[in-house]
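Reviewing the structure listed below.
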Amino acid sequence: MRNRSARGGRHELGQNFLIHRPTIQGIVDLVATTHGPILEIGAGDGALTAPLARLGRELVAIDLDEHRVRALRRRLPQVSVEHADALRHPLDSPVVVGNVPYHVTTPILRRLLARGQWQQAILLTQWEVARKRAGVGGGTMMTAQAAPWFVFSLHGRVPARHFTPMPSVDGGVLRIDRRSTPLVDPRDRGRYERFVRAMFTARGNGLPALLQHGAGVTKGRARSVVARVGIAPDRLPRDLRPEQWAALWHALAAPPGHGARS
């Protein structure tokens, strides 16, 4: 029997290994469209690591399981395999890829979106997480908060039977690209994120009412801003595209009457 990791067994480490070759190849094909060194998080037994290594690019693969790290080092000597935690390891490679342990998906995503110099992230997460982050069925607060700086896209659903051991939910392939030109000044990120949170949690019927209470402006100002940016007043925060969020933000920052037609 294989030795148990000092961090625990498969359950504690959240290990559900991808075994479906077409899905593996699809993820590798997405990575092949990117450029620069690659950081793989949660390398496991190397189902992704081996084909990623064949791309011929600098590759660092990390995993919490020291036994799998040693095995991968022996199997793939051309890869830099490190015993490390994705919640602490520097996210300093242009491309981040991995089959993310489901129980740490949210903290890893938050960490990715908050720091690092990466340009593209291609992650296998729970289906619901991938779907929501990509805005399928309506945007979420977390996605709206990050949308001025990142583009989220969904690249397929992965049935639970394509993993071993089989998890209780399906997976989804999520790609995140850092925008070359942000929609909002990065210096305003903290204030913008608070604005989005206030809009998602404000009370009211229709966008002007939500803006009035969420942004603390008068009813007339809220109506004027919504009309100026061309958003239907019956829209809700979950309906807004990144460009519309940015337009609202910039319109609120402008002096009243600025840009109004004479």
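At 0.36 nm per residue, minus the direct Cα-Cα distance, what do Arg21 and Glu58 gain on full extension? Give it in nm, one decimal, please.
11.1 nm
Suppose a student asked you for the relative contact order of the range 126-231, using Cα pairs under 8 Å spaced at least 6 residues apart; what percent would you report?
Numbers: 136 pairs, mean separation 23.1, N = 106.
Reported as a whole number, the value is 22 percent.
Skipping prolines and chain starts, which residues have an amide H placed within reach, meaning under 5 Å, of the one on Gly171, given they are 5 or more residues away or on another chain?
It is Trp127, Val158, Ala160, by chain and number.
Output the 0 to 90 degree angle, nearest 10, between the alpha-carbon long axis of helix 21-32 and the longest principal axis computed from the alpha carbons of the chain.
60 degrees
Please compute the length gained on full extension between Asp85 and Arg194, using 0.36 nm multiplied by the number of residues separating them and subtracting their Cα-Cα distance.
36.3 nm
In Å², what does the accessible area per residue of the range 214-254 work out to with a 1.4 Å probe?
Normalised by residue count, the accessible surface of the range 214-254 is 52 Å².
Which value, in Å² and to the nearest 10, is the accessible area of Ser180 when all protein chains are kept and the probe is 1.4 Å?
120 Å²
Enter the accessible area of Leu252 (Å², nearest 10), with the probe set to 1.4 Å and all protein chains included.
Rounded to the nearest 10, the figure is 40 Å².
Can you say what percent of the DSSP beta bridges in the chain, counting only those with both residues inside, are antiparallel? Round to 5.
Just about 50 percent of them are antiparallel.
Counting only protein heavy atoms and a 1.4 Å probe, tell me what percentage of the range 140-240's accessible area is made up of carbon and sulfur.
Accessible surface attributable to carbon and sulfur in the range 140-240 totals 49 percent.
Whole Å is fine, so just give me how far the alpha carbon centre of the range 30-77 lies from that of the range 189-241.
Going from one Cα centre to the other spans 44 Å.
Under the rule of at least 5 residues apart or a separate chain, name every residue whose amide H is placed under 5 Å from the amide H of Gly44.
none
Normalising by the residue count of the chain, find the relative contact order in percent from Cα pairs under 8 Å and 6+ residues apart.
15 percent
I need the calculated FRET efficiency for the pair His67 and Met166, taking r as the beta carbon distance and R₀ as 30 Å, to the nearest 0.05.
Once rounded, the FRET efficiency stands at 0.85.
The values are calculated or read from the model by the stated rules, or taken from the named source; none is laboratory data. In this text the structure is predicted, and so the values were computed from the model without any measurement. With ideal geometry, Cβ positions are generated from the backbone for all residues, glycine too; neighbour counts draw on all protein chains shown. The protein model used for the area step is the full one, side chains on, heavy atoms only, and it has no ligands, DNA or RNA in it. Shrake-Rupley method; radii C 1.70, N 1.55, O 1.52, S 1.80 Å.
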